[in-house]
Amino acid sequence: MGDFNLAVILDSIRRAKHGLSRVELAASTGLAAQTVSNICRRLLDQGLIVEAGKETSGPGKPRTILRLNPRGMFSVGVHIDPAVTSFALMDAVGTVLEFIEAPTDLTSAPAAAVAAMGRRIATIITDSGVDESRIAGVGVATPGPVDAARGTVVEPPHMPGWTRVPVRDILAEVTGLPVVMDKDVTAAAVAELWTGTTGSAANFVYIYIGTGIGAGLVLGDEVVRGSSGNVGEIGHIIADPDGPDCDCGRRGCIKVSCMPETLVAEARAFGVLPAAGPERPGSLPADLAALAAAADGGDPTAAAILSRSAGRMAGAVSVLTNFLDVERVVFGGPLWPPLSATYLREIPALLHRLSVTTKVHSLDVTGTRVRTGGGAFGAAALVMESTFGPNAAALLLDAKA
């Protein structure tokens, strides 16, 4: 109970843009004033919060404002994407202090590649000059599916050979730090909550657009993970009934009609992009950016490809908004920027028409505001969530105890 109350206090201070006084903390958390005072003293002694001046509000003594100490705690995030692995070192208030990207090693044995990531993490911490005792842990965001209980990557579609790789255990052994692991789409949703960029929306779907497409889910200000940590596998929602055949036996699933590689293939087929070959193998991020640039430059075929894509995506997302009754849809992911102009221009009106709940409440559509560090930021936020976030499950006693 004491640890839970401490997390409640930390989370309340974190969420307050300008900090809170002890009186305000007692009012907002419902904890007794003496309990709040004791916890705040403990947090001050540990260097996790600081006193940030006094504030006068009505009669009585000025109140001392408490804020998170940016250097009181740090976390490292690793985002493993089939194309690029990124690393971020983040402080307690979400400032990215170090950010590094490197091509993902898919030629070495997966265990060796992950061990090399662990050594890179150790180097980043050493070079930063941060006191290692202040590192709360390492967060890892990987493509799904994952086995959250065992900390393993199961069999990502675009990472051949990565079958049940014990990512969490390897990194913990190499770095000597606690490691938390989650799907990349879930980490992205955690990052949105952590930065407060979703405003007042307590219920939202995060549509992650990378090499693959997935969804993160937040309901009642809580990230939903599911029984195995694999919420958001939306690849087989039908987006285009007349679309190409999918390996599931149906037609027009997200997996075959909405993926960035599908848009690039369409652009090649229609002559918007040159054909790929041995001399020009192509790069998905560069090709998608070139397609968007062509559309922005007035190429009607390129614009039509992106517009059709927005229509397919809106149809698929409407299935989620109708089923889940969320207030907001957030788009993000490493390949989101080239699509953002078209999608934000066209999808809101389409979703308004397709979503039944818009007859009751508005449905906001926005792009992520998380920029620095991208997926690695989300991975680092996983550590902060597990450290700062009050988890009601922690109050349940083990029935076997």
Find all pairs meeting these conditions: Cβ atoms under 9 angstrom apart; at least six residues apart or on different chains; first residue within the range 367-388 and under 16 Å from residue 135 (Cα atoms) and β-branched (Val, Ile, Thr); second residue at pLDDT below 90 and not in a loop (DSSP other than H, G, I, E, B). 387/7; 387/10
Need a quick list: helices (runs of 4 or more DSSP H) entirely within the range 1-79 having at least 1 residues that are in contact with a Pro (Cβ under 9 Å, 6 or more places away or on another chain) and more than 19 Å from residue 95 (Cα to Cα). 2-15
Of the conditions (1) within 30 Å of residue 134 (Cα to Cα); (2) touching a strand residue (DSSP E or B) at 6+ places or on another chain (Cβ under 9 Å); (3) crowded, with 20+ Cβ neighbours inside 10 Å, the single one that residue 257 does not satisfy is (1)
Kindly evaluate residue 168 against the criterion of being assigned by TED's automatic domain parsing to the domain that holds residue 107, charged (D, E, K, R) and modelled with pLDDT of 95 or more. yes
Does any residue of the range 365-376 turn out to be part of a strand (DSSP E or B), crowded, with 17+ Cβ neighbours inside 10 Å and of a type in the set (Val, Ile, Thr)? yes
Suppose we filter the range 317-343 for residues that are assigned to a helix (DSSP H, G or I) and farther than 18 Å from residue 239 by Cβ; how many remain? 4
Over the range 102-123, the set of residues closer than 16 Å to residue 177 by Cβ, β-branched (Val, Ile, Thr) and surrounded by fewer than 18 Cβ atoms within 10 Å (Cβ to Cβ) is 123
Pairing a residue in the range 1-25 that is within 15 Å of residue 69 (Cα to Cα) and without any contact (Cβ under 8 Å) to a residue 60 or more places away in the chain with any residue that is surrounded by fewer than 20 Cβ atoms within 10 Å (Cβ to Cβ) and among the polar types (S, T, N, Q), where Cβ atoms lie under 6 Å and the two sit 6 or more apart in sequence or on different chains, gives 12/28; 12/29
Would you confirm whether any residue within the range 181-198 is in contact (Cβ under 8 Å) with a residue 60 or more places away in the chain, among the charged types (D, E, K, R), crowded, with 17+ Cβ neighbours inside 10 Å and outside any strand (DSSP E or B)? yes
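So which residues in the range 12-36 are of a type in the set (S, T, N, Q) and surrounded by 14 or more Cβ atoms within 10 Å (Cβ to Cβ), if there are any at all? So that I can check it myself, show each step before the final result.
Looking only at the range 12-36, we keep the residues that are of a type in the set (S, T, N, Q), and these are 12, 21, 28-29, 34-35.
The answer is 12, 21, 28, 29, 35.
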When you go through (1) modelled with pLDDT under 95; (2) over 24 Å from residue 85 (Cα atoms); (3) in contact with a helix residue (DSSP H, G or I) (Cβ under 7 Å, 6 or more places away or on another chain) one by one for residue 318, which number turns out not to apply? (1)
Leading residue by the ranking (nearest to the chain's Cα centre (by Cα)) among those in the range 199-224 that are in a loop (DSSP other than H, G, I, E, B) and crowded, with 24+ Cβ neighbours inside 10 Å: 210
Evaluate the range 308-315: report whether one residue or more is at pLDDT 95 or above, hydroxyl-bearing (Ser, Thr, Tyr), assigned to a helix (DSSP H, G or I) and closer than 23 Å to residue 202 by Cβ. no
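The values are calculated or read from the model by the stated rules, or taken from the named source; none is laboratory data. Just so it is clear, the model here is predicted, and its values are computed rather than measured. As a convention, Cβ positions derive from the backbone with ideal geometry for all residues, glycine included, and neighbour counts pool all protein chains shown.
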